[in-house]
Amino acid sequence: MTTQFAGQLEGRPRPFDVVVRLLFRLAAVITIVITVGILLALLLPSIGFFSEVPITDFLFGTRWAPRFADASFGVLPLVTATLWTTFIALVFAVPLGLGAAVLLSEYAHWRVRKVLKPILEVLAGIPTVVYGYFAVQFIQATVLKDWLQLPTGSFSVLAAGFVMGIMIIPTIASISEDALSAVPNALRQGSAALGANRMQTTVRVIFPAAVSGIVAAIILGVSRAVGETMIVALAAGQQARLVANPLEAGQTMTAFIAQAALGDSVVGSLQYDTLFAVGLLLFVITLVVNIISITIVRRVRKAY
Amino acid sequence: MVIHTSVRTGASLPDKPYGQLACEQVDVYYGSFRAVTDVSLAFGINEITALIGPSGCGKSTLLRSLNRMNDLIDGARVEGRVTFMGEDIYGKRVDAIEVRRRIGMVFQKPNPFPKSIFDNIAYGPRVNGIRVDSMSDLVEEALTKAALWDEVKDKLKQSALGLSGGQQQRLCIARTIAVKPDVILMDEPCSALDPIATARIEDLMHDLRREYTIVIVTHNMQQAARVADRTAFFTAQVDEGNGDRTGVLVEYGKTAQIFENPTDRRTEDYISGRFG
């Protein structure tokens, strides 16, 4: 009796499964190899750079003039420009993006949401060079100078930051909306049954419950703003100097990299290596922002 | 017509003054679908009324129309009158938010907020702007009434999500009590709980009856028999006009009468387990 059925449960070879598993593994390995490769490509030239320029001069120096005869490699001017444009972008994008997300998730009829959300996401598909021209031609030249009569030149970190803010609104709005919509309806009903109105429910129950997704959305916005190149290269100007007020022009780290990469530095020269040192700093800043945000999310996160 | 005789003859009206909360010829629609048809009944003050019946008989829908929770569902609409203290809660000048503060609700699945135990209870009084000398006292009072205080008094700052299902449901009841409603609606409050937790909630309902009017929807007939003073039996009836099924009230009376001596054949069939 027993022997008659023996072997019925033994596995059969499944060649297709093996191939698929190999393909997936390959995809994972390639991704990791590329990441490590980029990191190495940044690190190796940077080592050359820092063997000639002390790291403290680089990090705390206030004059950025890598191409002049009396070369100076203080990166702070680039950092201030990046901080200004990013800060300005967030000042506009966070309230507008979150506002749009709340409207879509908590207030809008589902039919409205179905139409509005894709339209919002189209904003994310506009090439950044178009945003850049919009910033320099319209916001800077027309709005800030002609209409508002502000004391500013041809470029400003304000115009670049503002337009960058517009660019990241869809990122923040769309991901936050996903986070808000993912909060179970049972919480909305529970809140309503206690006599809370929609705003109270949204602010006190739904928002805290969705906070990890919302923070993730903002961080993604920050990362995009820090890394954005075309808008700042076009609208913020190309002069590397400490930026004290938002109407001034300034060169961000990314704008410098774009400019230097297009230039005629000899490969392996010190000028050439600056590119990678700035790139590495950019990478570290983004990494730190990410780590901080993950820590914040872990601390305030309230699973539902 | 037969279906309302027991109500309209007054044979089973509550002994105590009733009319605090009542339905008068209520129809509830979802879009063009009529989920509940022509329900009239009054709930006794400080009594527990159970709404029972097979799935799809509209009892939960009716319950949600008693504190305008249906407003949150697109296309839901109530015809007829639902009165509370003699006032139509669907009246033009009535604020649904005020209705829900006076008529609270406990849901099928415990739905504590992802906040601390303390903040879960304090939430209702806070959003309603209820001024209290001491929020701690109010929280303690609500938790004590919900028979949860002893279990959580040392961990009020901890997340409510760390509680067991039965504790969470009692927390939701405490949360409802904290806004001092007059009526508590319960939509199958024990269906997600084990028998021991269920027994605790039932004991709690007995205690709460002294201060609150309670309406409970339940699938569990034994539960209705155990806790309810009065029971309303609903069923789904095929509309002769369009063939849709719609919920109707079959019989309403004292629980003992409904279970031991039902006047309607359909009630008897359901109670004795012949259908549903």
Run down the lysines and flag those whose C-alpha is under 26 Å from the C-alpha of B:Lys109, throwing out any fewer than 8 positions away in its chain.
A:Lys302, B:Lys59, B:Lys145, B:Lys153, B:Lys155, B:Lys157, B:Lys180
Given an 8 Å cut-off on Cα distances and at least 6 residues of separation, report the relative contact order of chain A as a percent.
25
Which one, A:Val91, A:Val130, A:Val75, has the greatest fluctuation when you compute a Gaussian network model over chain A with C-alpha springs under 10 angstrom?
A:Val130
What is the helix-to-structure angle for B:135-145, meaning the angle in degrees between its Cα long axis and the longest Cα principal axis of chain B, kept from 0 to 90 and rounded to the nearest 10?
50
Helix-only estimate, please: 222 nm mean residue ellipticity of chain A, summing -39500 (n - 2.57) across DSSP H runs of length 4 or more and dividing by its residues, to the nearest 500.
-21000 deg cm²/dmol
Going by how many other beta carbons lie within 10 Å of each one, how would you line up A:Met253, B:Met135, fewest first?
B:Met135, A:Met253
Taking the alpha-carbon set of segment A:72-300, what are its Rg and Dmax in Å?
20.1, 70
Aspartates and glutamates with Cα under 12 Å of B:Lys254, excluding same-chain neighbours fewer than 8 positions away
B:Asp15, B:Glu47, B:Asp229
Can you tell me the equivalent ellipsoid semi-axes for segment B:180-276? Use √(5λ) from the Cα gyration tensor, largest first, whole Å.
26, 15, 14
Relative contact order of segment A:168-304, please, whole-number percent, based on alpha carbon pairs below 8 angstrom and at least 6 residues apart.
27
Which value at 222 nm does chain B reach when only helices count, each DSSP H run of 4 or more adding -39,500 (n - 2.57), with the total divided by all residues and rounded to the nearest 500 deg cm²/dmol?
-9000 deg cm²/dmol
Have a look at the DSSP beta bridges in the protein assembly as shown and tell me what percent are antiparallel, nearest 5.
60
Using alpha carbon centroids, what distance separates segment A:40-56 and segment A:169-248, in Å?
36
Measuring from centroid to centroid over Cα atoms, what is the spacing of segment B:40-86 and segment B:158-186 in Å?
21
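Taking Cα pairs under 8 Å and at least six residues apart, what relative contact order does segment B:74-222 come out at, in percent? Display every interim value, and only then the final one.
Values: 192 pairs, mean separation 45.2, N = 149.
Reported as a whole number, the value is 30 percent.
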Starting from 0 in steps of 10 Å, tell me what percent of the Cα-Cα pairs of the protein assembly as shown lands in each bin.
3, 14, 18, 16, 13, 13, 11, 7, 3, 1, 0
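When only DSSP loop residues count, what trypsin sites (Lys or Arg not before Pro) in segment B:45-142 have their Cβ near at most 14 other Cβ atoms within 10 Å?
B:Lys92, B:Arg93, B:Arg131
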So for segment A:72-300, taking the charge dipole from beta-carbon charges (+1 Lys/Arg, -1 Asp/Glu), which of A:Leu98, A:Met199, A:Thr229 sits furthest toward the positive end?
A:Met199
Highest mean packing first, using Cβ neighbours within 10 angstrom, the peptides A:183-195, B:210-222, A:7-19, A:78-90 sort as A:78-90, A:183-195, B:210-222, A:7-19
Inside 10 Å of the C-beta atoms of B:97-109, what's the mean count of C-beta atoms belonging to other chains?
3
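Each value in this text was obtained by applying a stated rule to the coordinates, not by laboratory testing. All of these numbers come straight from a predicted model, not from anything done at the bench. FYI the Cβ positions are ideal-geometry reconstructions off the backbone, even for glycines, and counts take in every protein chain you see.
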